[in-house]
Amino acid sequence: MSSSTIKTRFVWPIFIPAGLRKLAVAFKLLLREFDSLAEVARRMNSLHEDLAAALRERRRIVTDTASRRDPAQHMERLRAVSEKITTLGNSLPPPVDPQLAHYLAKCSFDKALAFLEGNPV
């Protein structure tokens, strides 16, 4: 049998060349990989949205003058949202954009929010 001979497998009601079967299997694996990457992208977008929401909440707490009338409650709210920001920041899958990582590490939360919203600082 020469290398140019096409092997076929009988599948009712058609014949499928062996090379085409291999291509179909490879394509199926590629689709699974794409689905996996798409899931990572959806998860990343969700984490970015949650992080941006937490950063906005922190900004609201900081600017809430009525909240400052009860310093203990105000500090508790700030502590809770800051912990949430830290948890969300730590749960971002690698690679995390170095600029975002820098803003979060240095607690430059307004800059981190601007970065997530696509606004240059």
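The values are calculated or read from the model by the stated rules, or taken from the named source; none is laboratory data. Quick caveat, the model's predicted, so the values are computed rather than measured. A quick note on method: Cβ atoms are made from the backbone with ideal geometry, for glycine too, and the neighbour counts reach across all protein chains shown.
Observations on the structure shown:
- Consider the range 63-121 and keep the residues that are in a helix (DSSP H, G or I) and hydroxyl-bearing (Ser, Thr, Tyr). The one that is surrounded by the fewest Cβ atoms within 10 Å (Cβ to Cβ) is 63.
- Any hit, the range 42-62, residues being of a type in the set (A, V, I, L, M), over 19 Å from residue 118 (Cα atoms), over 25 Å from the mean Cα position of the chain (by Cα) and modelled with pLDDT under 85: no
- Any hit, the range 99-109, residues being more than 19 Å from residue 43 (Cβ to Cβ) and in contact with a Leu (Cβ under 8 Å, 6 or more places away or on another chain): yes
- Residues in the range 95-108 that are over 13 Å from residue 48 (Cα atoms) and not basic (Lys, Arg): 95, 98, 99, 102, 103, 105, 107, 108.
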